[in-house]
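The values are calculated or read from the model by the stated rules, or taken from the named source; none is laboratory data. Just so you know, these numbers come straight off a predicted model, no measurement behind them. When we count neighbours, we look across all protein chains shown, and the Cβ atoms used for this are built from the backbone with ideal geometry, even at glycine. With ligands, DNA and RNA removed, areas are computed over all heavy atoms of the protein, side chains included. Shrake-Rupley method; radii C 1.70, N 1.55, O 1.52, S 1.80 Å.
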Amino acid sequence: MDFFLRHIRILHTLAPANNDHVSAWRVAISVAVPTLALLAAGRTDLTIYAVFGALTGMYGRTEPHQLRLRHQGQAAVLLVGGVAVGVALSVGHVHSLELVAAEAIFAFGASLFADRMRLKPNGPFFSILALGACASIPAAVPWHTAVLIAAASSVFSLLVGFGGWIRTREWQPRAGRGDTPLPRAHRRRAWIHAARYVVAVGAAGSIGVLSGSGHPHWAMAAAAVPLAGADMPSSVYRGIHRIIGTLLGLVVVAFVLFPWPGSPLRAFPGQESAVLAVLVIVLQFTTELFMTRHYGLAMVSFTPLILLVGQLAAPDDPYILVTERAVETLVGAVVGILVVVLIRRRSSNIPLR
């Protein structure tokens, strides 16, 4: 009994604050400026590309400015790459199991890159999510335009992240983040870890496709979440946090999108896109506020953030949206946890990250 109580307490533990509001403001500004610019231009349907580019600001949150710049630049490669591949698949009308195969292959390479660069947040989750989300909506603009929007948003995030240097002018010429070549044992573990992404993403996506879901990419993204844990307990915790946080986040989605008198969309008739855009900005702030303190709480905001961005790009029936998101997240998280349990990192007792 004590064993289970200890794990339950860990699941509910809120990590100490570490100037989280500073990082939250940086990311919120990175999302807000391109989102509001697209709103002013009447193209909120393109917000999805800007938001994924702006997630660059989530990386290197506590690092010195020159390291943050390098770290975020590396993350931008993955994020914009995910958008680029996703849009290319959308343009080519690649769906079903072909999409699953493409995303699994991308996850393999992205995992190797993320491990090599010691990216934090760990793993290639956000780039995998970007690929699936962009592939699942019709491309409203040419491929290069969508990629340019993501890249421009990413560059703006880099400027925001480096902006504090103008005020402090602090520079640590010998600062390092440990992104030296991995020892041989660690390289082997990185390849095993990348293979786990292929298995988890491929299996979850296949289940989603075979079940007839219209959003199998949600299962693939959820399957990647447990794999970012540093060890088995943290991986399982992340999977559970993903499920619970998503279900609570879907309550927020229902509050916003379901046609009931209290919906904020009904409070501003004719301005639904503007309301969704503002909510996306607010939700990004609260997501980052809890991202390192409690993953489950962060998902309560991140779930509606992603779904509302998707509604701006390609409106869908909110009832189907909520139902399929719940089912796909449960399937993906369970698959990810099973892969963590069944495919171990056996080559070293030293954490990969």
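Under a 1.4 angstrom probe, counting protein chains only, how are 191, 260 ranked by accessible area, largest first? Mind showing how you got there, number by number?
On the way: 191 145, 260 95 Å².
Largest to smallest exposure gives the sequence 191, 260.
Which whole-number percentage describes the relative contact order of the range 213-353, with Cα contacts under 8 Å and a sequence gap of 6 or more? Please list the in-between numbers first.
Details: 175 pairs, mean separation 60.9, N = 141.
The value is 43 percent.
Based on Cα positions only, what radius of gyration and what Dmax would you give for the range 93-132, in angstroms?
According to the Cα coordinates of the range 93-132, Rg and Dmax are 11.0, 34 Å.
Label-point separation (nm) for residue 166 and residue 187, each offset 7 Å from Cα along Cα-to-Cβ?
4.3 nm
Over the Cα atoms of the range 227-353, how large are the radius of gyration and the largest Cα-Cα distance (Dmax), in Å?
Spelled out, the Cα radius of gyration and Dmax of the range 227-353 are 17.1, 59 Å.
For the range 51-93, report the translational diffusion coefficient in µm²/s to the nearest whole number, using Stokes-Einstein at 10 °C, 1.306 mPa s, and a Kirkwood Rh over Cα pairs.
Numbers: Rh = 11.1 Å.
In µm²/s, the coefficient rounds to 143.
Beyond 20 Å, how much of the Cα-Cα pair distribution for the range 7-130 remains, as a whole percent?
On the way: 4115 of 7626 pairs.
In whole percent, the share of Cα-Cα pairs in the range 7-130 beyond 20 Å is 54.
Kindly provide the pair-distance distribution of the chain built from C-alpha pairs, with 10 Å bins from 0 and whole-percent values in order of increasing distance.
Calculated over all Cα pairs of the chain, the distribution is 6, 25, 36, 25, 7, 1, 0 percent.
Determine the principal axes of the Cα atoms in the range 184-278, then give the extent along each, sorted from largest to smallest and rounded to whole angstroms.
60, 29, 21
Count charges around residue 220 for me, please; just the other residues with Cβ under 12 Å from its Cβ, Lys/Arg as +1, Asp/Glu as -1.
Numbers: positive: none; negative: 103, 328.
After counting each charged neighbour, the total is -2.
What is the packing order of peptides 105-114, 137-146, taking the mean over residues of other C-beta atoms within 10 Å and listing the highest first? Spell out each step's value before the answer.
Working: 105-114: 22.8, 137-146: 15.2.
In descending order of packing, they fall as 105-114, 137-146.
What percent do you get for the relative contact order of the chain when only Cα pairs under 8 Å and 6+ apart count?
Working: 571 pairs, mean separation 86.9, N = 353.
The value is 25 percent.
May I ask you to order 60-69, 250-259 by the average number of other C-beta atoms within 10 Å around their residues, highest value first? Walk me through the intermediate numbers first.
Details: 60-69: 18.5, 250-259: 16.7.
Result, highest mean Cβ count within 10 Å first: 60-69, 250-259.
Could you check how many percent of all C-alpha pairs in the range 290-329 are farther apart than 13 Å?
Working: 456 of 780 pairs.
It works out to 58 percent of all Cα pairs.
Among 337, 99, 17, whose Cα sits farthest toward the positive end of the charge dipole of the chain (+1 at Cβ of Lys/Arg, -1 at Cβ of Asp/Glu, about the Cα centre)?
Checking the options against the dipole of the chain, the answer is 17.
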